[in-house]
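Engineer: This is the structure I have questions about; it appears just below.
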Amino acid sequence: MKKYKIAVIPGDGIGPEVMRESVRVLEQIAATDGRFCFDFTWFPWGCEYYLKNGEMMPADGIQTLSSFDAILLGAVGYPGVPDHVSLRDLLIRIRHDFDEYINLRPVKLLHGAICPLEGVRPEDIDMIFVRENSEGEYSGQGAWLYKDTPQEVVIQDSVFSRKGTERVIRYAYELARKEKKTLTSISKGNALNYSMVFWDQIFKEVGREYPDVETHSLLVDAASMFMVKDPKRFQVVVTSNLFGDILTDLGAAIAGGMGLAAGANLNPEKAFPSMFEPIHGSAPDIAGKGIANPLASIWAVSQLMDFLGYEEWGERIIQAIEKQLVAKEGLTPDQGGTASTEECTETLLRYLLNK
Ligand code: IPM
Ligand code: MG
């Protein structure tokens with residue numbers, strides 16, 4: 001029987017609450033399927049760990065994680081530790097050091113999910129964002145000069161390498177070709193005269209190899225307007241790290257809310273483990289109350305099943321979430337229900353396993 005080694009980093013706030021549920025779902029899937037099993041190792045890294053040890057994870061943390069097949073991450077960040085420290089030293093560090101250069105984020109409105117837009121049907125919101133995840137605006141490079149003086153200057157560098165830009169754009173073209181979908185590139189070449197002019201150029205260059213893929217190019221400001229006014233024009237979308245960050249929160253808002261939004265941080269070559277996470281963050285305001293929505297985290301499990309090559313399970317999970325939303329059963333408060341985190345998973349499991 002195939003055994004997958006999974007590293008679980010529950011992290012902070014509601015992270016541990018939703019992570020327990022993801023693991024429960026994976027255990028049930030393995031028990032039902034019978035072809036594979038999971039071996040989970042839990043790592044107590046995060047803000048609490050930082051307050052005790054002065055670091056978000058041990059110095060050899062990355063090395064420790066490198067022997068796993070995949071990582072499940074809950075959420076990172078808590079009041080008391082500056083966000084730029086907690087996030088850069090754990091979440092962004094893993095994305096970067098494991099060269100997880102693709103961040104795949106579905107923006108898909110399921111039947112039964114809440115949508116604040118009028119006159120929009122679920123079929124109208126069915127996008128997949130391919131967010132660059134290793135460089136760009138998140139390079140972490142820059143300088144803080146003449147600190148605390150009137151001459152103070154800060155520089156935050158965006159880094160767009162040819163290799164980094166080509167590979168994410170190529171991945172998006174491949175995905176669009178495979179799924180027979182249109183591809184929209186989102187950039188900002190009219191103002192960012194180096195990085196985004198370069199991005200647009202690479203998008204055209206790589207596109208010559210994909211004459212079968214219908215493409216569109218949009219400026220990020222216009223794209224955010226169209227996501228609200230006319231979301232059906234987007235299918236596969238490729239964009240930079242920061243634009244992808246912002247637009248996928250907008251995407252979550254139009255497709256059921258943060259309680260349903262998931263992301264896969266992929267190293268497609270499988271040279272390093274990939275990481276799967278809900279994108280809602282640690283939500284300190286509801287942490288410890290047992291009401292966090294586990295469905296985003298479970299959606300990330302669906303992405304993990306896809307990545308491991310069990311697409312039928314990936315699909316079944318999404319269908320189960322949809323059935324649950326339509327039935328309005330076992331939903332947490334963010335979805336208008338009164339269920340607890342655990343009750344929500346129990347309902348989900350019933351739909352998933354046809355019990
Ligand atoms: C996300 C998050 C992170 C990001 C934060 C927490 C650093 O917002 O995964 O979208 O900006 O990538
Ligand atoms: Mg974000």
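Engineer: Could you check the range 267-286 and list, in sequence order, the residues that are closer than 14 Å to residue 307 by Cα, of a type outside the set (D, E, K, R) and either touching a helix residue (DSSP H, G or I) at 6+ places or on another chain (Cβ under 7 Å) or within 15 Å of ligand 2 (Cβ to nearest atom) (or both)?
Structural biologist: Of everything in the range 267-286, those that are closer than 14 Å to residue 307 by Cα, of a type outside the set (D, E, K, R) and either touching a helix residue (DSSP H, G or I) at 6+ places or on another chain (Cβ under 7 Å) or within 15 Å of ligand 2 (Cβ to nearest atom) (or both) turn out to be 268, 273, 274, 275, 276.
Engineer: Can you name every residue in the range 51-71 that is among the hydrophobic types (A, V, I, L, M, F, W, C), in a loop (DSSP other than H, G, I, E, B) and surrounded by fewer than 14 Cβ atoms within 10 Å (Cβ to Cβ)?
Structural biologist: 59
Engineer: Out of the residues in the range 1-29 meeting the condition of being in a helix (DSSP H, G or I) and small (Gly, Ala, Ser), tell me which one is farthest from residue 91 (Cα to Cα).
Structural biologist: 22
Engineer: Is it the case that residue 237 is more than 16 Å from ligand 1 (Cβ to nearest atom) and at pLDDT 95 or above?
Structural biologist: Criteria not met by residue 237.
Engineer: Also, I was wondering about something else. From (1) outside the structural domain of residue 355 (by TED's automatic domain parsing); (2) more than 16 Å from ligand 2 (Cβ to nearest atom); (3) of a type in the set (Val, Ile, Thr), pick out the condition that doesn't hold for residue 246.
Structural biologist: Among (1) outside the structural domain of residue 355 (by TED's automatic domain parsing); (2) more than 16 Å from ligand 2 (Cβ to nearest atom); (3) of a type in the set (Val, Ile, Thr), residue 246 violates only (2).
Engineer: So which residues in the range 80-108 are out of contact with any Gly (no Cβ under 9 Å at 6 or more places or on another chain) and within 16 Å of ligand 2 (Cβ to nearest atom), if there are any at all?
Structural biologist: Within the range 80-108, 84, 95, 100, 102 meet the criteria.
Engineer: If you don't mind, another one. Of all residues in the range 30-46, which are surrounded by fewer than 23 Cβ atoms within 10 Å (Cβ to Cβ) and either part of a loop (DSSP other than H, G, I, E, B) or of a type outside the set (Phe, Trp, Tyr) (or both)?
Structural biologist: 30, 31, 32, 33, 34, 35, 37, 39, 41, 43, 44
Engineer: What tally of residues in the range 246-256 results from selecting those that are within 9 Å of ligand 1 (Cβ to nearest atom) and either crowded, with 21+ Cβ neighbours inside 10 Å or within 18 Å of residue 293 (Cα to Cα) (or both)?
Structural biologist: Number of matching residues: 2.
Engineer: Within the range 271-282, is even one residue outside any loop (DSSP other than H, G, I, E, B), more than 16 Å from ligand 1 (Cβ to nearest atom) and among the aliphatic types (A, V, I, L, M)?
Structural biologist: No; the residues of the range 271-282 include none that is outside any loop (DSSP other than H, G, I, E, B), more than 16 Å from ligand 1 (Cβ to nearest atom) and among the aliphatic types (A, V, I, L, M).
Engineer: Might you let me know whether the range 309-331 holds any residue that is assigned to a helix (DSSP H, G or I), in contact (Cβ under 8 Å) with a residue 40 or more places away in the chain and under 23 Å from residue 48 (Cβ atoms)?
Structural biologist: no
Engineer: Quick one: how many residues across the range 258-273 are under 21 Å from residue 16 (Cβ atoms) and crowded, with 20+ Cβ neighbours inside 10 Å?
Structural biologist: 8
Engineer: Right, here's the next one. Here is a list of conditions, (1) in a helix (DSSP H, G or I); (2) out of contact with any strand residue (DSSP E or B) (no Cβ under 6 Å at 6 or more places or on another chain), and residue 95 meets all of them except one; can you say which number that is?
Structural biologist: (2)
Engineer: Of the residues 286, 291, only one is in contact (Cβ under 8 Å) with a residue 40 or more places away in the chain, out of contact with any Ser or Thr (no Cβ under 9 Å at 6 or more places or on another chain) and of a type outside the set (Gly, Ala, Ser); which?
Structural biologist: Going through 286, 291 in turn, just one is in contact (Cβ under 8 Å) with a residue 40 or more places away in the chain, out of contact with any Ser or Thr (no Cβ under 9 Å at 6 or more places or on another chain) and of a type outside the set (Gly, Ala, Ser): 286.
Engineer: For a quick check of your reading of the model, give me the residue pairs whose first member lies in the range 98-116 and is outside any loop (DSSP other than H, G, I, E, B), whose second is aliphatic (A, V, I, L, M) and surrounded by fewer than 21 Cβ atoms within 10 Å (Cβ to Cβ), with beta-carbon atoms closer than 6 Å and at least 6 apart or on different chains.
Structural biologist: Qualifying pairs under 6 Å: 106/128.
The values are calculated or read from the model by the stated rules, or taken from the named source; none is laboratory data. Just so it is clear, the model here is predicted, and its values are computed rather than measured. When we count neighbours, we look across all protein chains shown, and the Cβ atoms used for this are built from the backbone with ideal geometry, even at glycine.
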